Amino acid sequence: MSTTGITDQNSFWHSRRFRDALVAYMFILPWVIGFVVFTGGPIVASFVLSFFRWKMIAPPRFYGLTHYINMLTTDELFRTSIWVTFKFVLISVPIGQVLALGLALLLNQRIRMVGFWRSAFYLPAVVSGVAGSVIWVWMYHTELGIVNNGLLLVGIEGRNWLFDKELVLGSLIVKSLWNVGIPMVIYLAALQGMPQQLYEAADIDGAAEVSKFFAVTLPMLSPAIFFNVVMGIIAAIQTFAEPYVMTGGGPDNATLFLGLHLYQNAFHYLKMGYASAMAWIMFLLIFALTVVQFGLAGRWVYYEGGAR
């Protein structure tokens, strides 16, 4: 190597560009370590473990695809958890989105104390899933709960909401609306960013309020609707805290969500390999539904300027 090449290399290692790059990498190093240790590493480990039988108290043994085959063919509880999760997603997500959009439309009006009402509807969203579930357990209490006592005031007999197989899933769906403030804020932000000239043009054409909502507001809100639906489905599939705290999966497995079934196999029965395989099935389910939604988005999601 020539003397000139050595000099160029030495000048690079002592250059300002190298020092700036070093400082930048030092700043991102904690995130990289955290990602590898707490996210990336466990993801890779769970994928490897899904092919092993490991009960933590003994060395893992290679099991191949047996976990996946048993899950899809012989595990009745797995099929039950898929069905419970599917019903929960199918009902809770549409209701939650309609309610969130309705609240956003109301809170986008010029009303007194609008800041207070926006905060009040969003506030439950900052409560942790466990704390919120405990609150709703007391609200659903057969004797002391506000739900049954409120029904008694109008002459309706209360029910055992969390122990009735026919009512328990609906009770958890109602509880899921506790977090409606999150999509509501996104809808509210989208409404406040609406181009007013579209409404002015609609007024000139003599359009009624209902016509303006369906012809202007909804198309312009479609990106926010798409985002909230995707995120809502992902969150609903991963539901865990509510059934774990409120029902434990009962009664008679009526609230055995996929996430709860996964947890029970991992930490109750110490079937870490089986639970890892179940986690990857959950990932593939979420991934497939998300891909389908992105594939259909071009048919109904409108982006201003035509860009996707």
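Every test in (1) more than 21 Å from Leu169 (Cα to Cα); (2) at pLDDT below 95 is passed by Ala241 save one, and that test is (1). Show the residue pairs meeting these rules: Cβ distance below 6 Å; 6+ apart or different chains; first residue within region 263-280 and outside any helix (DSSP H, G or I); second residue surrounded by fewer than 17 Cβ atoms within 10 Å (Cβ to Cβ). These pairs meet every condition: Leu270/Lys55; Leu270/Met56.
Residues checked against (1) at pLDDT 90 or above; (2) within 30 Å of Met272 (Cβ to Cβ); (3) in a loop (DSSP other than H, G, I, E, B):
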| position | (1), (2), (3) |
| --- | --- |
| Ile6 | no, no, no |
| Ala21 | no, no, no |
| Phe27 | yes, no, no |
| Val32 | yes, yes, no |
| Lys55 | no, yes, yes |
| His67 | yes, yes, no |
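Scanning region 253-263 for residues that are within 18 Å of Trp54 (Cα to Cα) and among the hydrophobic types (A, V, I, L, M, F, W, C) gives a single hit, Leu262. If you check Ser81, Ser92, Ser46, Ser133 for being touching a His at 6+ places or on another chain (Cβ under 6 Å) and surrounded by 13 or more Cβ atoms within 10 Å (Cβ to Cβ), only one passes: Ser81. Selection over region 41-98 of residues that are among the charged types (D, E, K, R) and within 19 Å of Phe240 (Cβ to Cβ) gives a count of 3. Per the conditions (1) surrounded by 14 or more Cβ atoms within 10 Å (Cβ to Cβ); (2) within 28 Å of Phe283 (Cα to Cα); (3) assigned by TED's automatic domain parsing to the domain that holds Gly232, the sole criterion not satisfied by Tyr122 is (2).
Looking only at region 135-156, residues that are out of contact with any Gly (no Cβ under 8 Å at 6 or more places or on another chain) and either aliphatic (A, V, I, L, M) or in contact (Cβ under 8 Å) with a residue 24 or more places away in the chain (or both) come to 9 in all.
How about region 140-166: which of its residues are surrounded by fewer than 16 Cβ atoms within 10 Å (Cβ to Cβ) and closer than 15 Å to Gly248 by Cα? So that I can check it myself, show each step before the final result.
Keep residues of region 140-166 that are surrounded by fewer than 16 Cβ atoms within 10 Å (Cβ to Cβ), which gives 142-144, 146, 149-157, 160, 163-166.
Within region 140-166, Phe163, Asp164, Lys165 meet the criteria.
The condition of being of a type in the set (A, V, I, L, M) and either closer than 18 Å to Gln293 by Cα or touching a Gly at 6+ places or on another chain (Cβ under 9 Å) (or both) holds for only one of Ala224, Ala208, Ala215, that being Ala224. Checked against (1) crowded, with 17+ Cβ neighbours inside 10 Å; (2) over 29 Å from the mean Cα position of the chain (by Cα); (3) in contact (Cβ under 8 Å) with a residue 24 or more places away in the chain, Phe226 passes all but condition (2). Annotation note: of Ala266, Ala279, the sole residue that is closer than 24 Å to Trp54 by Cα, within 19 Å of the chain's Cα centre (by Cα) and among the small types (Gly, Ala, Ser) is Ala279.
When you check Glu157 against the structure, is it more than 20 Å from the chain's Cα centre (by Cα) and under 20 Å from Phe257 (Cβ atoms), yes or no? Steps first, answer last, please.
Working: more than 20 Å from the chain's Cα centre (by Cα): yes; under 20 Å from Phe257 (Cβ atoms): no.
Criteria not met by Glu157.
The values are calculated or read from the model by the stated rules, or taken from the named source; none is laboratory data. Bear in mind the structure is a predicted one, so any value in this text is a computation, not a measurement. FYI the Cβ positions are ideal-geometry reconstructions off the backbone, even for glycines, and counts take in every protein chain you see.
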